[in-house]
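The values are calculated or read from the model by the stated rules, or taken from the named source; none is laboratory data. Computed from a prediction, not measured in an experiment: that's the story for all the values here. As a convention, Cβ positions derive from the backbone with ideal geometry for all residues, glycine included, and neighbour counts pool all protein chains shown.
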């Protein structure tokens, strides 16, 4: 089965539509959404409805910190722009959409794969996996062979050998990576809705459960239209500019 791993959609309709269309072209059979469907972007309701529709058709979805903030209110650890966006988002979601987000699990397990937004060792604390030490801590917390997580808005890949050797590298879009069964892996697909690696194209990944191949993808989309919607909504201008420059 070919999976699409999509994370950090951030209420960006244009990016999500482009990613889902690209995933169809890749023959994806199941979608996995790794959290943060809302926050920052201008169309939270549309994105939540889209994810909920896919879940009804068999997709897997887990909770992200921005989703939790939209339900519970802005969190004190959030930066000002994120707090402002969370409060704005809460007022624009329907009770049914908020209820859907509130019932999402922190983690999901399927065969030898773990799905979580932030990390496996403390998923509710929303800590970032920014390097090898964080990755090892997360991998040591689970017996899953592959952990897929979001939260970090850059595509990254970490691996841990049976002897405890850890490695990482930045993947090349479109190049399949065979995930050796002799290693544990931590996969971060990058953000669909708000990339921060200097490339404004939407990011996601596909994984073939039969061949074991993982492929990262970048999908150009109309980020200028998405940026204009953020400004028109009255959200912080910095959030609109991020979509233009990919930072």
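Structure notes:
- Meets criteria (touching a helix residue (DSSP H, G or I) at 6+ places or on another chain (Cβ under 7 Å), closer than 28 Å to residue 221 by Cβ and at pLDDT 95 or above) for residue 120: no
- Selection of the stretch 227-237 for residues being surrounded by 13 or more Cβ atoms within 10 Å (Cβ to Cβ), touching a residue at least 24 places away in the same chain (Cβ under 8 Å) and part of a helix (DSSP H, G or I) yields 229, 230.
- Just one of the listed residues (139, 101) is out of contact with any strand residue (DSSP E or B) (no Cβ under 9 Å at 6 or more places or on another chain) and either in a loop (DSSP other than H, G, I, E, B) or buried (at least 18 other Cβ atoms within 10 Å of the Cβ) (or both), and it is 101.
- The set of residues in the stretch 143-171 being within 28 Å of residue 66 (Cα to Cα), in contact with a strand residue (DSSP E or B) (Cβ under 8 Å, 6 or more places away or on another chain) and not in a strand (DSSP E or B) consists of 144, 145, 150, 151, 152, 153, 154, 155, 170, 171.
- Of all residues in the stretch 56-74, those satisfying the criterion of being in a helix (DSSP H, G or I) and touching a residue at least 40 places away in the same chain (Cβ under 8 Å) are 65, 66.
- When the stretch 1-31 is filtered for residues that are part of a strand (DSSP E or B), touching a strand residue (DSSP E or B) at 6+ places or on another chain (Cβ under 6 Å) and crowded, with 24+ Cβ neighbours inside 10 Å, the ones remaining, listed by number, are 4, 5, 6.
- Of the numbered criteria (1) assigned to a helix (DSSP H, G or I); (2) within 18 Å of the chain's Cα centre (by Cα); (3) within 17 Å of residue 41 (Cβ to Cβ); (4) without any contact (Cβ under 8 Å) to a residue 24 or more places away in the chain, the one residue 78 fails is (1).
- Long-range neighbours under 8 Å by Cβ, at least six apart or interchain, first residue free of Cβ contacts under 8 Å to residues at least 40 places away in the same chain within the stretch 151-169, second loosely packed, with under 12 Cβ neighbours inside 10 Å and not in a strand (DSSP E or B): 156/170; 161/182; 162/182
- Scope the stretch 120-136; condition in contact (Cβ under 8 Å) with a residue 24 or more places away in the chain and in contact with a strand residue (DSSP E or B) (Cβ under 6 Å, 6 or more places away or on another chain); matching residues: 120, 132, 135, 136
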